[in-house]
Amino acid sequence: MTDTTTPQGLLLDAMGTLIGLRQSVGSSYAAVAEQHGITLEASAIDAVFPQLFRAAPPLAFPGLEGDGLLEAEQAWWTDLIGACLQTCGHHEPLPPQLGSDLFAYFAGPEPWRVYDDVAEHLQRWRDRGLRLAVVSNFDQRLVPLLDSLGLAPWFEAVVVSSQVGAAKPDPLPFQRALEALHLPAEAVWHIGDSAEDEAGARAAGIRCLVIRRPKPAGTP
């Protein structure tokens, strides 16, 4: 059996582990909503977003790919945006472009920051010969986003819940990452920041290290 004190690979969560938002979700939602004629307080959105995010169905779409998957991803986020705005007092239908505008905004690097210690750790792990992959409850925007943030070259695989059809704490995303790295569960550790990371890794037979980073208001 592989010695679990010396892993051969690492699986890393993305949001809250490698990257975070430069400003709160509410600040971004309110700014884009203002462009569509809707005025809401960012703090009000921040107050409701985490609960609504956790109550949403899994960001996972079994059997979909291509344009169908992209449409499902955008619809999932648009529904969440609509729920946030409605809870904050906007009871009219969303302007047609609001959901797609926010979806496109968070696809780019502007809202995101790479945590200061990430590059140093990735370099050290690669120097030690560790094989690296990302496992995230997110959608296919994450792949080009990691590239635009300069992180893509570090990773052999990026596994997102929407594409594999299951979200953490389901073990399937972890299993897909193990397949991509050609490593057994006992040879790999996972690093994440949530209870879903810990439970999903455990279900897949993977040791999990949980980190806690400061988060902007309104972040789940």
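The values are calculated or read from the model by the stated rules, or taken from the named source; none is laboratory data. Please read these numbers as outputs of a predicted model, since none were measured by experiment. Positions of Cβ are backbone-derived with ideal geometry, glycine not excepted, and every protein chain shown enters the neighbour counts. For accessibility, only protein heavy atoms count, side chains too; no ligands or nucleic acids. Shrake-Rupley method; radii C 1.70, N 1.55, O 1.52, S 1.80 Å.
Rounded to the nearest 10 Å², what accessible area does Thr78 have for a 1.4 Å probe in the complete protein model?
Thr78 has an accessible surface of roughly 40 Å² with all protein chains in place.
With an 8 Å Cα cut-off and a minimum separation of 6 or more residues, compute the relative contact order for the chain in percent.
Contact order relative to length: 34 percent.
All other residues with a Cβ under 13 Å from the Cβ of Arg176 taken together, and with Lys, Arg as +1 and Asp, Glu as -1, what is their net charge?
-2
Pull out the extension gain between Ala72 and Leu149, defined as 0.36 nm times the separation in residues minus the alpha carbon to alpha carbon distance; nm, one decimal.
25.2 nm
Given a 1.4 angstrom probe, what's the average accessible area per residue across the chain, in square angstrom?
Per-residue accessible area for the chain comes out at 48 Å².
Give the range of the longest stretch in the chain that excludes all GluC sites (Glu not before Pro) found in loop regions by DSSP and having at most 15 other beta-carbon atoms within 10 Å.
Looking at the chain, 66-155 is the longest stretch - no exposed GluC sites (Glu not before Pro) with at most 15 other Cβ atoms within 10 Å.
Multiply the residue gap between Asp127 and Arg213 by 0.36 nm, knock off their C-alpha separation, and tell me the result in nm, one decimal place.
Full extension of this stretch gives 28.5 nm more.
Towards the positive end of the charge dipole of the chain, with charges on Cβ (+1 Lys, Arg; -1 Asp, Glu), say which of His91, Ser161, Ala180 has the farthest Cα.
Going by the charge dipole, the pick is Ala180.
Evaluate E = 1/(1 + (r/R0)^6) for His182 and Gln97, where r is the Cβ-Cβ distance and R0 equals 41 Å; express this FRET efficiency to the nearest 0.05.
0.40
Ranked from the most accessible area to the least, with a 1.4 Å probe and all protein chains present, what is the order of Ser148, Ser136, Ser100?
These residues rank, largest area first, as Ser148, Ser100, Ser136.
Report the convex hull volume per residue for the chain, counting only C-alpha atoms, in Å³.
For the chain, the hull spanned by Cα atoms encloses 115 Å³ per residue.
If I compute solvent accessible area with a 1.4 Å probe over the protein chains, what percent of it on the chain is carbon and sulfur?
C and S atoms contribute 52 percent here.
What's the longest bit of the chain with no exposed trypsin sites (Lys or Arg not before Pro), using DSSP loop states and at most 16 other Cβ atoms within 10 Å as the test?
Longest gap between qualifying sites, sites excluded: 23-127.
Quick one: which residues, 5+ away or cross-chain, put their amide H under 5 Å from the amide H of Arg131? H built at 1.01 Å from N.
Distant-sequence amide H within range of Arg131: Gly9, Leu10.
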